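Participant: A single structure is presented below for examination.
The values are calculated or read from the model by the stated rules, or taken from the named source; none is laboratory data. Because the structure is predicted, anything quoted here is derived from the model rather than measured. Cβ placement follows ideal geometry from the backbone for every residue including glycine, while neighbour counts extend to all protein chains displayed. For the accessible areas, the whole protein counts, side chains as well, though only heavy atoms, and no ligand, DNA or RNA atoms are used. Shrake-Rupley method; radii C 1.70, N 1.55, O 1.52, S 1.80 Å.
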Amino acid sequence: MTAIGARLPRKEDPRLLRGRGRFGDDFSAAGQVWARVVRSPIAHGHLRRVDLTQARRADGVIAAVAAGEVPAGLAIPVRLAVRDIDLSGYLQPVLATGVVRYVGEPVAVVVAGDPYAAEDAAELVEIDIDEEPAVLDAAAAASPGSPRLFPAGNVAADFTLGYGDTETAFRQAAYVVETEVEIGRHTGVPLEPRVLLAEPDPRTGGLSIFGMTKVPVFNRDLLAAMLRMDGALIHVHAIDAGGGFGVRGEFYPEDFLVPWLARALGRPVKWAEDRAEHLVAANHSRQQSHRVAAAFDSRGRITALTDEVVHDNGAYCRTHGIAVPELTVAMLPGPYRVPAYRGRVRVVLTSKTPCGTYRAPGRYEGTTAREQLLDVAADRLGIDRIELRRRNLLGRGELPHRRPMTTLGTDVVLDAGDYPALLEAAAAEIGYRAQASGGGPTGRRRGLGVAVYLEKSGLGPHETADVTVSETGAVRVLSGGTSLGQGIETVLAQIAADALGVGPQAVDVINGDTDLQPCGTGSWASRSTVVAGNAVHGAASAVRARALQLAARMLEASEDDLLITDGTVSVRGDPEASVSLGEIAKAATTASPEPRSGEPGGLAARRRFDVSHMTYPYGVHAALVEVDPGTGRVRVLRYLVASEVGRAVNPALVEGQLRGGAAQGIGGALLEEFSYDEAGQPQAITFMEYQLPTAAEIPPIDVLLAQAAPSPGNPLGVMGAGEGGISGAGAAVASAVRDALGLAGSVARLPLTPPRVRRLAEAGPGRKPGLR
């Protein structure tokens with residue numbers, strides 16, 4: 001077994017770097033027309049009238065529709081339903097009717113012969129809205145006297161998770177520490193905005209869809225139900241995607257409107273989102289406020305932890321429902337020994353773009369709040385920050401550790417690891433005492449931040465893969481995962497090659513095509529390597545077993561005496577006695593022309609990998625920053641991510657994932673934020689306002705990749721690595737800025753923009769800057 005663990009170049013890169021990738025906007029169809037979505041310019045109000053008269057008369061316009069022309073009562077359902085809470089009254093309609101609830105909500109669609117004519121005609125649509133007060137403050141919106149977005153009120157859910165007796169623990173505590181932390185509103189910003197092309201087939205009544213990513217089978221099935229057609233007639237094609245990050249690929253209003261228009265018009269319809277649309281229409285995420293508290297005994301050990309969370313979910317509950325806030329409170333205890341815990345969350349709807357997931361949803365927020373609390377507690381108790389964490393981390397002998405809670409429908413069972421050992425390794429790597437000492441030039445202050453995170457990965461319920469060997473010896477993998485730029489083709493090829501005894505270059509991987517793999521569950525929640533990878537491993541192992549069985553007959557040898565090397569099966573000690581996998585595939589077709597039910601024919605196998613529990617990767621982030629108190633500017637000088645992934649199929653790709661995640665996390669900690677004026681108008685609609693980190697803001701990022709704790713929950717022993725790079729980034733940067741300014745309390749709010757940092761500096765330090 002040599003392919004797994006190798007630092008191989010990505011199989012995707014030769015075509016992508018040569019401009020041969022096929023992204024959403026690269027697909028067109030003969031006779032296609034273009035759609036433009038007309039969006040509400042008002043944050044909240046009664047929608048009196050949508051007048052399409054002038055738009056329909058414009059040059060090149062083929063159709064213009066509002067809510068009255070589409071099937072009545074259509075709303076986008078929840079994909080990830082949790083906690084048996086009824087959210088049906090808070091779902092988003094495909095086009096607004098009666099009420100608009102955020103700027104950017106779709107109210108009509110115009111179709112024209114080219115995108116420019118469609119955009120010009122969309123500006124001719126007259127929208128009559130009786131404006132109502134915008135609902136912007138989530139905490140205030142939860143009160144009875146707030147203006148209501150929905151008849152039932154603004155609180156979509158209010159629930160508590162926990163275990164143990166927190167009240168007694170706080171009453172008997174030697175120390176009680178409490179702080180408040182707010183996380184600003186972010187979104188994932190993939191290089192490529194959303195694109196959708198729907199092409200009807202007049203002969204079969206079917207639809208070909210280009211542009212659906214992440215969960216194509218779910219989206220196909222949902223679209224079929226909404227269109228009232230057979231799902232087998234919808235073919236979602238595999239495409240390259242310029243990033244996803246949880247935001248891209250969910251089912252949005254446009255994912256119904258474009259195919260519906262294509263069927264209604266009998267011709268291909270294409271829609272391409274521009275960046276301004278993306279920033280007001282695609283899912284937002286993150287915005288939460290935390291009031292978090294811990295009880296400690298006299299030795300600085302946590303005896304109880306509580307958190308009161310207000311989660312601003314925007315105007316509707318979209319496909320993720322309340323999964324993000326549930327993850328926040330379920331994962332908040334992190335890798336620590338917490339005898340008693342209570343986390344309450346209120347999910348509040350406001351006049352903002354609806355929320356969904358963004359890389360490490362719920363964990364970025366909860367980790368920031370918890371780690372800020374531990375920093376404040378370390379000062380109050382007079383204990384070094386590293387030492388306080390060391391005293392409270394679960395030890396290796398305490399794992400697996402079961403917490404009597406569930407999240408995403410699975411029990412919380414921390415499976416494997418050595419949290420203290422990784423903390424020690426990270427502390428030794430950064431040499432933090434030496435690096436954090438001393439100030440920067442001309443009055444600038446330096447500070448070191450440390451944060452420990454716990455992630456989750458490998459969410460089920462299952463994934464399916466087919467592995468086939470052709471008569472030429474080529475290996476083909478059909479996976480239900482999807483390519484979002486994460487290198488899934490390379491990883492699955494390495495896994496298949498490892499099981500089959502071939503080179504990864506001989507393996508072709510196709511992801512996300514619903515005709516070729518109709519049973520897939522998609523790529524999200526750091527599940528591709530864990531779930532899709534183990535499905536491929538199972539299918540490839542079955543093919544290997546079948547190949548050895550047939551080769552033993554062909555070579556008249558025992559299976560125990562056979563070896564597979566570079567696609568050839570040979571007899572141990574007699575290399576001349578050999579047969580290629582291609583020859584075996586030809587024999588397999590002859591030997592069993594009729595495959596078993598559910599199995600591909602020839603030398604092939606289909607396997608499904610089922611998941612009962614998630615895996616829990618973990619790690620440590622450390623940041624060294626320099627703060628200018630006069631300007632409020634924060635510069636990250638060095639950064640470290642130490643991450644346990646169980647087993648790295650391709651260490652180079654894992655390190656890339658961790659570095660990319662850290663870059664996004666630094667952006668969220670210092671720059672990225674959506675804000676609104678008092679009327680609910682978004683103030684960040686271009687990259688001038690929604691500021692992303694560039695290479696100038698991202699420091700060298702060191703990676704300490706650990707593979708000391710293979711997950712016992714899957715044959716490969718892998719844990720997901722897609723989100724560990726971002727989970728602790730907000731916490732580490734906040735910790736470093738707090739250290740530099742010598743604050744007594746928390747940093748109060750992310751992102752730490754220059755005005756906020758300047759105000760913190762002007763308020764004065766609560767302690768001498770240092771390592772505590």
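Participant: Within the set of other residues whose C-beta is less than 13 Å from the C-beta of G321, count the net charge using Lys and Arg as +1 and Asp and Glu as -1.
Facilitator: Within the 13 Å Cβ shell, the charges total -1.
Participant: If I stretch the segment between T204 and L563 completely, what's the gain in nm (0.36 nm per residue apart, minus their alpha carbon distance), one decimal?
Facilitator: The T204-L563 span can extend by a further 124.4 nm.
Participant: Can you sort D560, D610 by 1.4 Å-probe accessible area, starting with the largest?
Facilitator: D560, D610
Participant: Lys/Arg Cβ at +1, Asp/Glu Cβ at -1, dipole of the stretch 319-378 taken about the Cα centre: which of V329, V347, T367 is farthest positive-ward?
Facilitator: Of V329, V347, T367, it is V347.
Participant: So what are the stretch 633-683's ellipsoid semi-axes, whole angstrom, largest first, if each one is the square root of 5 times an eigenvalue of the alpha-carbon gyration tensor?
Facilitator: Semi-axes from the Cα gyration tensor: 33, 15, 7 Å.
Participant: Placing +1 at every Lys and Arg Cβ and -1 at every Asp and Glu Cβ, with all other atoms neutral, what dipole size does the stretch 421-538 have around its Cα centre, in debye to the nearest 20?
Facilitator: The calculation lands at about 1000 debye.
Participant: Follow-up question, since we're still on this one. Taking the Cα centre of the stretch 1-72 as the origin, how large is its charge dipole in debye, to the nearest 20, when only Lys and Arg (+1) and Asp and Glu (-1) carry charge on their Cβ atoms?
Facilitator: Roughly 240 debye, rounded to the nearest 20.
Participant: Same structure, new question: Treating the chain as a set of equal point scatterers at the Cα positions, no solvent, please give the Debye-formula log₁₀ I(q)/I(0) at q = 0.06, 0.09, 0.12 Å⁻¹.
Facilitator: So the normalised log intensities are -0.39, -0.86, -1.37.
Participant: Taking θ as phi - 60°, what are the ³J(HN,Hα) couplings along the stretch 230-237 by the Karplus curve (6.51, -1.76, 1.60), each to the nearest whole Hz, with x for Gly and Pro?
Facilitator: Taking θ as phi minus 60°, the curve returns 5, x, 5, 8, 9, 10, 8, 8 Hz for the stretch 230-237.
Participant: Keeping all protein chains in place and using 1.4 angstrom, which order do E126, E463 fall into by accessible surface area, from largest down?
Facilitator: Output order, biggest surface exposure first: E126, E463.
Participant: Please list 328-334, 695-701 highest first by mean number of surrounding beta-carbon atoms within 10 Å per residue.
Facilitator: So the peptides 328-334, 695-701, ranked by packing, come out 328-334, 695-701.
Participant: Based on Cα coordinates alone, diagonalise the gyration tensor for the stretch 277-382, multiply each eigenvalue by 5, take square roots, and list the semi-axes in whole Å, largest first.
Facilitator: Whole-Å semi-axes of the equivalent ellipsoid: 30, 12, 11.
Participant: Expected output is a single nm value to one decimal: the length gained when fully extending between E697 and D574, i.e. 0.36 nm times separation in residues minus the C-alpha distance. What is it?
Facilitator: Working: separation 123, 0.36 × 123 = 44.28 nm, distance 5.97 nm.
The span from E697 to D574 would gain 38.3 nm if fully extended.
Participant: I need the peptides 110-120, 313-323, 621-631 ranked by packing, meaning the mean over residues of other C-beta atoms within 10 angstrom, with the highest value on top.
Facilitator: Those peptides, ordered most packed to least, come out 313-323, 621-631, 110-120.
Participant: For V33, list long-range residues whose amide hydrogen, built 1.01 Å from N in the peptide plane, is under 5 Å from its own amide hydrogen.
Facilitator: V269, K270
Participant: Quick one: which residues, 5+ away or cross-chain, put their amide H under 5 Å from the amide H of R638? H built at 1.01 Å from N.
Facilitator: Close amide H contacts, sequence-distant or interchain: L624.
Participant: Using the heavy atoms of the protein chains and a 1.4 angstrom probe, tell me the accessible area per residue for the chain in square angstrom.
Facilitator: Here the residues of the chain average 36 Å² of exposed surface.
Participant: Beyond 26 Å between alpha-carbons counts as too far, so tell me which of K11/K214; K214/K456; K11/K270 fall in that bin. Write down the numbers at each step before the final one.
Facilitator: Working: K11/K214 20 Å; K214/K456 18 Å; K11/K270 30 Å.
In this structure, K11/K270 lie more than 26 Å apart at Cα.
Participant: Hey, another quick one. With point charges of +1 on the Cβ of Lys and Arg and -1 on the Cβ of Asp and Glu, referenced to the Cα centre of the stretch 225-273, which listed residue (G243, M229, A272) lies farthest in the positive direction of the dipole?
Facilitator: M229
Participant: What number, in nm² with one decimal, is the all-direction average of the projected area of the convex hull of the alpha-carbon atoms of the stretch 1-135?
Facilitator: Average of the hull's projected areas for the stretch 1-135 equals 14.9 nm².
Participant: May I ask you to evaluate 6.51 cos²θ - 1.76 cosθ + 1.60, the Karplus curve with θ = phi - 60°, for each residue of the stretch 347-359 and list the ³J(HN,Hα) values in order in whole Hz, giving x for glycine and proline?
Facilitator: Each residue's phi maps through the Karplus curve to give 9, 10, 9, 9, 7, 9, 3, x, 9, x, 9, 9, 2 Hz.
Participant: Could you check how much of the accessible area of the chain is carbon and sulfur, as a whole percent, using a 1.4 Å probe?
Facilitator: About 50 percent, which is the carbon plus sulfur part of the accessible surface.
Participant: Using just the C-alpha positions of the stretch 291-353 as equal point scatterers, what log10 of I(q)/I(0) does the Debye formula give at each q in 0.15, 0.17, 0.23 1/Å?
Facilitator: -0.54, -0.63, -0.91
Participant: Subtracting the Cα-Cα distance from 0.36 nm times the residue separation, let me have the gained length for L191 to D13 in nm, one decimal.
Facilitator: Fully extending the segment from L191 to D13 adds 62.5 nm.
Participant: Helix-only estimate, please: 222 nm mean residue ellipticity of the chain, summing -39500 (n - 2.57) across DSSP H runs of length 4 or more and dividing by its residues, to the nearest 500.
Facilitator: -8000 deg cm²/dmol
Participant: Which of the listed residues, A708, A740, G722, is farthest toward the dipole's positive end in the stretch 671-772, when Lys, Arg count +1 and Asp, Glu count -1 at the beta-carbon?
Facilitator: A740
Participant: Could you work out the local net charge near L161, counting Lys and Arg as +1, Asp and Glu as -1, over the other residues with Cβ closer than 11 Å to its Cβ?
Facilitator: Computed value for this residue: +2.
Participant: Sorted by packing (mean other beta-carbon atoms within 10 Å per residue), highest first, where do 504-513, 202-211 land?
Facilitator: Highest to lowest by the protection proxy: 504-513, 202-211.
Participant: With only Lys, Arg, Asp and Glu charged, each at its Cβ (+1 for the first two, -1 for the last two), find how big the charge dipole of the chain is about the Cα centre; round to the nearest 20 debye. Mind showing how you got there, number by number?
Facilitator: Details: 79 positive and 89 negative charges, 359 e Å.
That gives a dipole near 1720 debye.
Participant: Okay, moving on. Considering amide H positions built from the backbone, and no H for Pro or chain starts, which residues 5 or more places from I42, or on another chain, come under 5 Å of its amide H?
Facilitator: G104
Participant: What's the local net charge at I666, with K and R +1, D and E -1, over the other residues with C-beta under 10 Å away?
Facilitator: Taking every other residue near I666 into account, the sum is -2.
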